[in-house]
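Laboratory data are not the source of any read-out in this text; all were calculated from the coordinates shown. It should be emphasised that the depicted structure is a prediction, and the values quoted were computed from it without experimental measurement. Cβ atoms come from the backbone with ideal geometry, glycine included; neighbour counts cover every protein chain shown.
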């Protein structure tokens, strides 16, 4: 119990909530003059909420000569107490702490992303020696060492394969949904995963020089370079303080009544000004959550309203992120396409290769039965050789067919080239030593992608595609989504460079991605949006906003909401300042005393909150002009 109580009071946010609740109760008691202890209960609010404000203002003024809005609040508190207006002082402190708490809750930033990225660093390396192999911590591997990587292991260093064949899952670096076949002489990167088979590699870059460690450092530097939002009330604090002191001094000199001067200080307190932004942000965040959008950074929506371009990752963002059979083509009259599909699916039934699994999964959706192969051989980096219904089925790449001395006809090559141009992965099929056809696999585009991109364009924002996939795949997806600008073959640092160059030209960019390879771009972009359902934890932690259900159809609503929120904030600020100046004039004439002044200008805070609350259920009705959009609007979360 003592331990939990101690933890409770060391949590600053929880402590503030407790102090605000106690202060609110004390102010209610003070207002009805129920002073059971023989003292004004508003002193509780002054002690719990006011003293921290005064201490912070004095410390900032002395140590840094930093004039903040808190300085004016402190002056009003001290002056109110000096002339005996205890309730007014307690009320001001209470309202200001509520504003500070709301601000703290909306701008808190999570930093677990880099830690999770570090956790992906390979722990061990398997060094090959004359008398066998030795397992050591990955950091002890040296350039030139021969390393052995088993199936399922993470590659511990950058290097070149010197023995063996395999397929590498390098989505961590490029975001490619398809595994990449690698054989002797091919380069591999640290942090990527060996899908199956064993290979030996020669280490070229180890430790801090490896690709994964370089990515970690880039994430850290990108994070450090992102601008932080500054409280608007603090930006204007010097002018507000100067205006308040000057007006109060002149009023005191002219009228000879100090109570008028104190009232001016009270009504000039920027309570509504402090609440104007965080209340609108919190209401907009609540609105976004109804559409499955989690806003993780307090000022993300403010920044989103400034964006001129939006960059999309391809795999897992615009596409579903899983390969599927897109076509089966026969190049001989002997076997129709249905028969070929059945043969190759049965041949791949025992395969551990992701493409083989994708073929089997797609075939099962047809409801047709699969035949168990009588024989099965997996050849890493090439394909499979199986015997199905007494026939030898060879399914793989051109290298495998060449090794089996199977001639590939011009018709087969022509058909394959068509699918290569569409960004597909092609597997050739041969039966009993004769080329029979091919099967094309691709990562299908999300149904809502094209409609979402169209609505994004309506907001005046230019969409861009950034992907690690090859040119044909990028061009095909960009065409289907309605995106004219795309960049293919992008490594994490390439995406980062593209975003940096655009922003140097004054074009603020929003990045939408799902993988670890997108973490750099998500951090560097003016706003980062991650797919949290299928996306990596690192991507989510690197982003400012997360799409909880991976539903990109809500993005146009999010952009429209951000612009509406900024308009609401501007309206709140205009109203708050106008009310403060009007109240100051009434205070100068003696119409308002400190208590009435505090009530009047704090009523402005209430109106600001009410205006912000309207954002909770706001919808940009101009977008909902198709059945798909209407369904999106009526979605219940």
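Normalising by the residue count of region 442-520, find the relative contact order in percent from Cα pairs under 8 Å and 6+ residues apart. List each step's numbers first, then the result.
Numbers: 71 pairs, mean separation 20.1, N = 79.
Relative contact order of region 442-520: 25 percent.
Using Cβ counts within 10 Å as a stand-in for footprinting exposure, how do 465, 275 rank, fewest first? Could you put the intermediate results ahead of the total?
Values: 465 24, 275 27.
Listing 465, 275 from fewest to most nearby Cβ atoms yields 465, 275.
With 10 angstrom as the radius, rank 451, 200 by how many other C-beta atoms surround their C-beta, starting from the fewest. The partial results should precede the final answer.
Numbers: 451 20, 200 17.
Listing 451, 200 from fewest to most nearby Cβ atoms yields 200, 451.
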Item to check | Relative exposure of 43, 252, judged by other C-beta atoms within 10 Å (fewest first) | outcome: 252, 43
Checklist outcome for this item: Rounded to a whole number, the Stokes-Einstein D of region 321-444 in µm²/s (Kirkwood radius over Cα pairs; 20 °C; 1.002 mPa s) is 152
Next on the checklist: For region 359-422, report the % of Cα-Cα distances exceeding 13 Å.
Outcome noted: 72
Checklist entry - So what is the relative contact order of region 483-524, in percent, for Cα pairs below 8 Å that sit 6 or more residues apart? => result 48
Checklist entry - So for the pair residue 586, residue 418, with labels modelled 7 Å out along Cα→Cβ, what separation do we get in nm? => result 7.9
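Below 8 Å between Cα atoms, with a sequence gap of 6+, how large is the relative contact order for region 321-444 in percent?
Result for region 321-444 is 32 percent.
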